[in-house]
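See below for the structure under consideration.
The values are calculated or read from the model by the stated rules, or taken from the named source; none is laboratory data. Values in this document were obtained by computation on a predicted structure and should not be read as measured data. Every residue, glycine as well, gets a Cβ built from its backbone with ideal geometry; the counts of neighbours run over all protein chains shown.
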Amino acid sequence: MPALVGVLFLCFCLLQVVPSDPAQIIAGADAKPEVVAAIRKDLGLDRPLLIQFFEYIGRVAQGDLGRSIISNKAVSEELADTIGPTAELMVGAMLLAVPLGILMGTVAAVRRGTLIDRAIVALSVAGVSMPVFFVGLILIQYVGYLWDLLPFTGRTGAVWAGGLPSLILPSLTLGSVLIGPIARLTRTAVLEVLGADFVRTARAKGLRESAVIIHHALRNALIPVVTLVGLQAAFLLGG
């Protein structure tokens, strides 16, 4: 709880030092000073900062996130309108990135030092280094425009309402840049686990190598990977 209050206080302070006046933005550049002053009073911006902060805390505790100065709609309504498409993008990207990243990382660890390992590591580094907007432009240019395989303009609706084709290209774009970090972390984690005593014991018992990798090494190596996937999901939800 103290950490949450601290974050809210930091956000409040940062908004106070932004060189812009919400009342002036709402009223317009040519508004008279008395109109701006009336808006400031209506928004409570003329009150002491400490009182504004506690009122802000009270509204947040009640789920009131205020109103947008651009659309004049409640922020909660704005979030409700966008959380659906954002969640669809997150799920689509994760469905691509997580299985492929784990598979690539596991194969690279098992084939350590081989050409396959070096190729996967190179692809992972390229994925980490490549900006997502660049990947998006390349996919739009070739997959969407030149080859005309998938739509690349706008959202045609929810997935269950026939909007799946318009979701594929954005999901490919976001997922492609997430594969690299997952693959690299999976490779490192699997290599570390493969040297553990319980893995050597499993091999000494005569278990098949595939069973050792899947049921013993990979299962224990996925702990840090799950943490990374959670952070990536939060990043995608944050836009």
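Here is how the numbers come out for the structure above:
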{"quantity": "Residues of segment 177-219 satisfying the condition of being surrounded by fewer than 19 Cβ atoms within 10 Å (Cβ to Cβ) and either within 25 Å of the chain's Cα centre (by Cα) or not in a helix (DSSP H, G or I) (or both)", "calculated": "THR188, GLY195, ALA196, LYS205, GLY206, LEU207, ARG208, ARG219"}
{"quantity": "Boolean, GLU78 is closer than 29 Å to LEU164 by Cα, surrounded by 11 or more Cβ atoms within 10 Å (Cβ to Cβ) and not hydrophobic (A, V, I, L, M, F, W, C)", "calculated": "yes"}
{"quantity": "Residue under evaluation ASP81, criteria (1) in a helix (DSSP H, G or I); (2) modelled with pLDDT of 85 or more, criterion not met", "calculated": "(2)"}
{"quantity": "Residue check for VAL128: within 26 Å of VAL212 (Cα to Cα) and either β-branched (Val, Ile, Thr) or in a loop (DSSP other than H, G, I, E, B) (or both)", "calculated": "no"}
{"quantity": "Any pair with Cβ under 9 angstrom, 6 or more apart, that starts in segment 24-40 at a residue that is at positive phi and ends at one that is charged (D, E, K, R)", "calculated": "none"}
{"quantity": "One residue from GLY136, GLY105 being in a helix (DSSP H, G or I), in contact with a helix residue (DSSP H, G or I) (Cβ under 6 Å, 6 or more places away or on another chain) and closer than 30 Å to ILE214 by Cβ", "calculated": "GLY105"}
{"quantity": "Condition check for LEU10: closer than 16 Å to SER68 by Cα and without any contact (Cβ under 8 Å) to a residue 12 or more places away in the chain", "calculated": "no"}
{"quantity": "Evaluation of VAL135 against (1) surrounded by 12 or more Cβ atoms within 10 Å (Cβ to Cβ); (2) not assigned by TED's automatic domain parsing to the domain that holds LEU191 (one fails), failing number", "calculated": "(2)"}
{"quantity": "Selection status of ALA93, without any contact (Cβ under 8 Å) to a residue 40 or more places away in the chain and either closer than 28 Å to VAL225 by Cα or assigned to a helix (DSSP H, G or I) (or both)", "calculated": "no"}
{"quantity": "Of all residues making up segment 60-75, the number that are in a helix (DSSP H, G or I) and either touching a strand residue (DSSP E or B) at 6+ places or on another chain (Cβ under 9 Å) or at pLDDT 85 or above (or both)", "calculated": "1"}
{"quantity": "Conditions (1) at pLDDT 90 or above; (2) surrounded by fewer than 17 Cβ atoms within 10 Å (Cβ to Cβ); (3) over 21 Å from the mean Cα position of the chain (by Cα); number of the one not met by ILE120", "calculated": "(2)"}
{"quantity": "Test for GLU88: is it in a helix (DSSP H, G or I), under 26 Å from the mean Cα position of the chain (by Cα), free of Cβ contacts under 8 Å to residues at least 40 places away in the same chain and surrounded by 13 or more Cβ atoms within 10 Å (Cβ to Cβ)", "calculated": "no"}
{"quantity": "Filtered residue count, segment 12-31, keeping only those that are closer than 21 Å to PRO48 by Cα, part of a loop (DSSP other than H, G, I, E, B) and more than 30 Å from the chain's Cα centre (by Cα)", "calculated": "1"}
{"quantity": "Test: residue in segment 28-48 that is of a type outside the set (A, V, I, L, M), touching a Gly at 6+ places or on another chain (Cβ under 7 Å) and over 30 Å from VAL121 (Cβ atoms)", "calculated": "no"}
